[in-house]
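The values are calculated or read from the model by the stated rules, or taken from the named source; none is laboratory data. Fair warning: this is a prediction, and the values are worked out from it, not measured in the lab. Glycine also receives a Cβ, built like all others from the backbone with ideal geometry; neighbour counts cover every protein chain displayed. Note: areas computed on protein heavy atoms with side chains; ligands, DNA, RNA excluded. Shrake-Rupley method; radii C 1.70, N 1.55, O 1.52, S 1.80 Å.
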Amino acid sequence: MKESIFTKIANREIPSYIMHEEEKYMAFLDINPAIYGQTLVIPKEWHDSYLFNNEDAFLQEFILYVKKVAKLIDSKLGSERCIIVFEGYGVDHLHARLYPVRTEEDKGLDFHKTEKLSEETAKEILGLLK
């Protein structure tokens with residue numbers, strides 16, 4: 001099986017800001033977010049980064065987990081909705097990026113304009129998501 005930075009995060013070999021986790025999946029804060037609360041959702045085991053190369057049964061289960069995480073973000077961070085992107089270019093491991101839209105300004109989100117996530121902001125977000 002292939003290994004990626006995300007499998008290393010799932011195996012706790014690399015630290016991350018985990019906001020939700022189940023047996024097969026996990027969600028953690030993106031360390032280079034374009035928006036407050038931006039979250040990555042992954043299967044813990046490697047899966048092809050191109051969404052449509054994965055088995056239907058797996059995709060159904062995965063998208064239901066992504067939905068659970070998005071609804072948690074909406075309820076705890078007060079977002080109107082989460083934009084979801086499956087691009088898979090940066091890391092060859094299936095992942096969903098969730099962008100919480102909380103303000104009018106967020107609707108004009110520039111996906112390429114990112115900032116380093118500070119530990120203080122990460123702890124603040126994780127506190128809200130509890």
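Hey, among the residues in the stretch 30-53 that are farther than 17 Å from Ser4 by Cα and not hydroxyl-bearing (Ser, Thr, Tyr), which one's surrounded by the fewest Cβ atoms within 10 Å (Cβ to Cβ)?
Among those that are farther than 17 Å from Ser4 by Cα and not hydroxyl-bearing (Ser, Thr, Tyr), it is Phe52.
In the stretch 93-109, how many residues are at pLDDT below 95 and either under 15 Å from the mean Cα position of the chain (by Cα) or open to solvent by less than 80 Å² (accessible area, probe 1.4 Å) (or both)?
Qualifying residue count, the stretch 93-109: 4.
Being loosely packed, with under 11 Cβ neighbours inside 10 Å and not hydrophobic (A, V, I, L, M, F, W, C) is true for just one of Glu87, Glu120, Glu80. Which residue is that?
After applying the criteria, what remains is Glu120.
Any idea which residue in the stretch 66-77 is nearest to the chain's Cα centre (by Cα), counting only those that are open to solvent by 10 Å² or more (accessible area, probe 1.4 Å) and within 25 Å of Lys8 (Cα to Cα)?
Filtering first and then ranking leaves Ala70.
Has the stretch 16-23 got at least one residue that is under 13 Å from the mean Cα position of the chain (by Cα), open to solvent by 70 Å² or more (accessible area, probe 1.4 Å) and touching a residue at least 40 places away in the same chain (Cβ under 8 Å)?
no
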